[in-house]
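Scroll down for the structure; my scribbles are underneath it.
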Amino acid sequence: MGRYFGTDGFRGEANDILTADKAYKIGRFLGWYYTKQSGRPARIVIGKDTRRSSYMFEYAISAGVAASGADAYLLHVTTTPSVSYVTRLEDFDCGVMISASHNPCYDNGIKLVDGSGVKMDDDTIDKIEKYLDGDLAALGVEGGDIPLARREKIGRSIDYAAGRNRYIGYLISLAAVSFKDYKVGLDCANGSAWMIARSVFEALGARTYVIGAEPNGDNINLNVGSTHIEALKRFVREKGLDIGFAYDGDADRCIAVDECGNEVNGDHIMYIFARDLKDEGRLANNTVVTTIMSNMGLYRALREAGIDYVQTTVGDKYVYENMQQFGHVLGGEQSGHIILGKYATTGDGILTSIKLMETVVSKKTRLSKLAAPVTIFPQITKNIRVLDKKKPAGDPDVIALLGEINKKLGEGGRILLRQSGTEPVVRIMVEAEEAGLCELYAGRVADLIYAKGLDR
């Protein structure tokens, strides 16, 4: 991770950490860099979520792109996976998504994908960071700044809602069965999915019941969406729905709710897809790619089903890199980032919900039955805001305490301390067969961090 960009883009409070000036400069760099790479005016596609600040950043980035002589194609309010899809399928040089995903409304972020729809490589990100820091010499640029386009070489901003519509058509085309007469709840988090998800499910025949579809710029993820699943659980029970799906702010995550109102998280979903693919002979290498945050209950269920797994560090970027490198077709995170390699290069919440719905319909069963083999170990995550994320992780006393706790837990649990890739936070995650042990051990580590002042 660099100074500005973490595991999921450049993220922070709008006009504090992430400013309109920095957004403009990112647009300037992308327009200049990809025009230089291709020898013609670069084509850059831009999408955004529903945050108040997303409009400001859209204008700033597109202005920077045009100032460098490239063309900005505006998808307007759309999902992160749609930007990836459009970039890849329509030969754009790169794609930009303006979103802070599941973060509160006052935060925002800039996510970048390359021409293949994959999260931008570290080398290019490093060049962007050097430009933001004014290190022009490292970029081989002479003078005070990268050159501005003049006269007829100035770029354009182009309305490209048609690209978003093609993505919607693509999603609809992926369902092999009709969802007719199924009562489906959708929680759109007042974010990117608010128009798209309902359109897709209604086109596939479902009777849709929607919450979190009244964005006002300030209510994205506010008590709704995949990080506030309680809202959808209540909604499914109150309306007597067959199933429910909750997305996050930019709709690259999906958490499901079964017919009884119980949560079906990313680990359950990966298991269901893995079993399906294995039964059909399509689970390449008989392997699922997970992260270190997946629950031990998932691993136990996979072993019982005769399915192998590998672990990566947290971030769907790393999941997909592993899938690419070793030819795996399924990976994801407990949080609901699910990558179905046959259909997408990134997590796609609406795609995940379509394929999960398809499994329920084709098997003529309930989601609760499909998820039942995964018994989730009690797990808690305690977040501690810090000034320097490296201090707690590198402290010898903290390291020793983590080792002591892991030894006590043995095969009946584990404890992890990891740095957030998107926030100034360290996360203490504990799994154990008893919930009380999770609280006890997470509290011990947190108390030590505070006592030693490692949060300051």
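Taken together, the values in this text are just the output of simple stated rules run on the coordinates, not laboratory data. Just so it is clear, the structure is predicted and the values come from calculations on it, not from any experiment. All Cβ positions, glycine included, derive from the backbone under ideal geometry; neighbour counts span all protein chains shown.
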Sort 304-316, 84-96 for me by packing, meaning the mean count of neighbouring Cβ atoms within 10 Å per residue, highest on top.
84-96, 304-316
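Mind checking segment 319-410 for trypsin sites (Lys or Arg not before Pro) that DSSP puts in a loop (not H, G, I, E or B) and that have at most 14 other Cβ atoms within 10 Å?
LYS342, LYS363, LYS364
Evaluate the Kirkwood expression for the hydrodynamic radius of segment 175-371, namely the inverse of the mean inverse distance over all pairs of different C-alpha atoms, and round to one decimal in Å.
16.5 Å
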Computed over segment 379-451: relative contact order in percent, which uses C-alpha pairs under 8 Å that are six or more apart
40 percent
Segment 269-348 and segment 127-143 have their Cα centres apart by a whole-number Å value of 39 Å
Put a dot 7 Å past each Cα toward the Cβ at CYS260 and HIS76; how far apart are the dots in nm?
4.3 nm
Run the reach check for LYS127 against lysines, Cα to Cα strictly under 30 Å, same-chain hits fewer than 8 apart removed. What comes back?
LYS22, LYS25, LYS36, LYS48, LYS111, LYS119, LYS153, LYS317, LYS389, LYS390, LYS391
Where does the chain land at 222 nm, in deg cm²/dmol rounded to the nearest 500, when only DSSP H runs of n ≥ 4 count, each adding -39500 (n - 2.57), divided by all residues?
-12000 deg cm²/dmol
Let me have the relative contact order for the chain, percent, based on Cα pairs under 8 Å that are six or more residues apart.
13 percent
Which aspartates and glutamates have a Cα lying under 14 Å from the Cα of LYS369, excluding residues fewer than 8 positions away in the same chain?
ASP242, ASP258, GLU259, GLU263, ASP276
Can you sort LYS119, LYS48 from fewest to most other Cβ atoms within 10 Å of each residue's own Cβ?
LYS119, LYS48
With a/c under 1.5 counting as rounded, go ahead and sort segment 152-250 into rounded, prolate or oblate using the C-alpha gyration tensor (a ≥ b ≥ c being the square roots of the eigenvalues; past the cut-off, prolate if a/b is larger than b/c, else oblate).
oblate
Suppose the Debye formula is applied to equal point scatterers at every Cα of segment 1-107; what is log10 I(q)/I(0) at q = 0.12 Å⁻¹?
-0.37
So if R0 is 45 Å, what FRET efficiency would LYS369 and TYR450 give, r being the distance between their Cβ atoms, rounded to the nearest 0.05?
0.50
If you compute Cα extents along the principal axes in Å for the structure shown, which of (1) 66, 58, 42; (2) 75, 56, 42; (3) 59, 54, 51 do you land on?
(1)
In whole angstrom, how far apart do the alpha carbon centroids of segment 351-383 and segment 17-53 sit?
38 Å
Give the residue list of GluC sites (Glu not before Pro) in segment 384-456 that are DSSP loop and have at most 12 other beta-carbon atoms within 10 angstrom.
GLU434
Euclidean distance between Cα centres, segment 75-103 to segment 216-255, Å
22 Å
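Based only on other Cβ atoms within 10 Å, what is the fewest-to-most ordering of PHE245, PHE29?
Ranking PHE245, PHE29 by Cβ neighbours within 10 Å, fewest first, gives PHE29, PHE245.
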Please give the length that would be gained between LEU440 and ASP135 if that part of the chain were fully extended, namely 0.36 nm times their separation in residues minus their C-alpha to C-alpha distance (nm, one decimal).
105.0 nm
If GLU58, GLU13, GLU142 are placed from fewest to most neighbouring beta carbons inside 10 Å, the sequence is GLU142, GLU13, GLU58
Percent relative contact order for segment 152-280, counting Cα pairs under 8 Å at least six residues apart, stands at 22 percent
